[in-house]
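Everything below concerns the one structure shown next.
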Amino acid sequence: MNIADYKGVWVFAEQREGELQKVSLELLGEGRRIADKLGVKLTALLLGNNIESLATTLASHGADEVLVADDKNLEHYTTEGYAKVICDLAAERKPGILFVGATFIGRDLGPRIAARLSTGLTADCTSIDVEVENGDLLATRPAFGGNLMATIACPEHRPQMATVRPGVFAKITTDPSKCNIEKVEVKLADSDIRTKVLEVIKAKKDMVDIAEAEFIVSGGRGVGSKENFKLLEELAAALEGTVAGSRAAVESGWIDGACQVGQTGKTVRPKIYIACGISGAIQHVAGMQDSELIIAVNKDETAPIMKVADYAIVGDVAKVVPELIAQVKEVKS
Ligand code: FAD
């Protein structure tokens, strides 16, 4: 492998049922920064069936180039189908870096591509940078149960790969007219995909991914019980948002582990984050500090969360939350 032959930053633009995942647009934002630092092109990889129209969205979120692989065999995500198309393209065009969102699909796809291309992948990164002199990617992620942050490089193999958590980076908007959209040939034989998707059944229809939510009502130990969490659900419903929680709330069995915010949970960046009965431990704050507006409800005015909050409400969750619900309903009526 001649490392100098590998150039450019690629982002896997994940779409589901024709809808681009937020993390892919966020990755284009950060990918733009990295590509500019290296002076190379930023390419979005768009795979699916009848998805060509999504290319313009990628063009207006930072991409210099969109490679569109549109084929009926890519209608549903399959590890084999998607991995083959991306590996063929990577072998032919030799990108230096390939970013994938750390979604359920990205966590499945990324390692498969890395193994096939005999390269390294840093999973679940929370920040990324690059060394301009040699093009080495520096991917940082929590290690040893979140007790330290490790920065990992892959200097001897290309493309350098990383999966990145949703909600970590901000989206950008750019002039789409400068972007080149190219339809690539898809070489997929039936035998390339050994699994067949017969039907897609969504397990939990009303469960929202907190990393994608615009309004989050989050509860901690101070909420007191699973029963009290229903109040938070009511407030979230009034805001057309979703509920989340601290690790203490998850460990108490009041909310599903998929809804944990923080260093060992998910990173969120909603428009409004309402923290109810959460103390604001550093590991929690790491996952929500980039929210646009933070409101904290805590009976202890000295709780660390009150310093992170834009609005700090000192009071009992059981009294304040019903009042917030009433006010939101009144504003909406
Ligand atoms: P507490 O710290 O117990 O705080 C409860 C708060 O509720 C207090 O501030 C109290 O004043 C307030 N309160 C009590 N009763 C009421 C009431 N009636 N009305 C209003 N306020 C009230 N934590 C995470 O959240 N996410 C993570 O990803 C995470 N990862 C971790 C990783 C590691 C390696 C470690 C060591 C810890 C991690 N933690 C994480 C745990 C973290 O350190 C805290 O222990 C946890 O966030 C505390 O949760 P809490 O704020 O809900 O509970």
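Observations
- Region 251-263, subset in a helix (DSSP H, G or I) and surrounded by fewer than 21 Cβ atoms within 10 Å (Cβ to Cβ), residue farthest from the ligand (Cβ to nearest atom): A258
To keep it simple, each residue is scored yes or no on (1) farther than 23 Å from K271 by Cβ; (2) within 11 Å of the ligand (Cβ to nearest atom); (3) modelled with pLDDT of 95 or more; (4) among the small types (G, A, S).
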| position | (1), (2), (3), (4) |
| --- | --- |
| I295 | no, no, yes, no |
| N298 | no, yes, yes, no |
| P304 | no, yes, yes, no |
| A309 | no, no, yes, yes |
| D316 | yes, yes, yes, no |
| E323 | no, no, yes, no |
| E330 | no, no, no, no |
| S333 | no, no, no, yes |
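- Residues in region 221-241 that are outside any helix (DSSP H, G or I), in contact with a strand residue (DSSP E or B) (Cβ under 6 Å, 6 or more places away or on another chain) and under 30 Å from P142 (Cα atoms): G241 only.
- Top-ranked residue of region 165-197 - restricted to ones that are of a type in the set (G, A, S) and surrounded by fewer than 17 Cβ atoms within 10 Å (Cβ to Cβ), ranked as farthest from I34 (Cα to Cα): S191
- Residues in region 217-250 that are more than 15 Å from the ligand (Cβ to nearest atom), in contact (Cβ under 8 Å) with a residue 60 or more places away in the chain and closer than 20 Å to K266 by Cα: none.
- Taking every residue in region 312-332 that is of a type in the set (G, A, S) and pairing it with any residue that is assigned to a helix (DSSP H, G or I) and within 13 Å of the ligand (Cβ to nearest atom), at least 6 positions away or on another chain, the pairs with Cβ-Cβ distances below 6 Å are A312/M306.
- S291, sole failed condition from (1) among the polar types (S, T, N, Q); (2) buried (at least 21 other Cβ atoms within 10 Å of the Cβ); (3) modelled with pLDDT of 95 or more; (4) more than 8 Å from the ligand (Cβ to nearest atom): (3)
- Hits in region 264-287 (condition: within 9 Å of the ligand (Cβ to nearest atom) and either buried (at least 18 other Cβ atoms within 10 Å of the Cβ) or of a type in the set (D, E) (or both)): G265, K266, A275, C276, G277, I278, S279, G280, H284, V285, A286, G287
- Verdict on S218 being assigned to a helix (DSSP H, G or I) and not charged (D, E, K, R): no
- When G245, G241, G257 are checked against the criterion of being more than 24 Å from Q327 (Cβ to Cβ) and within 22 Å of the chain's Cα centre (by Cα), a single residue qualifies: G257.
- Reported count of residues in region 140-182, each being touching a helix residue (DSSP H, G or I) at 6+ places or on another chain (Cβ under 7 Å) and under 18 Å from Y82 (Cα atoms), is 3.
- Any hit, region 167-190, residues being modelled with pLDDT under 95 and over 24 Å from A44 (Cβ atoms): yes
- Boolean, A83 is closer than 21 Å to I128 by Cα and among the small types (G, A, S): no
The values are calculated or read from the model by the stated rules, or taken from the named source; none is laboratory data. What you see is a predicted model, and the numbers here were worked out from it, not measured in a lab. Because the Cβ atoms are built from the backbone with ideal geometry, glycine has one as well, and the counts that use them run over all protein chains shown.
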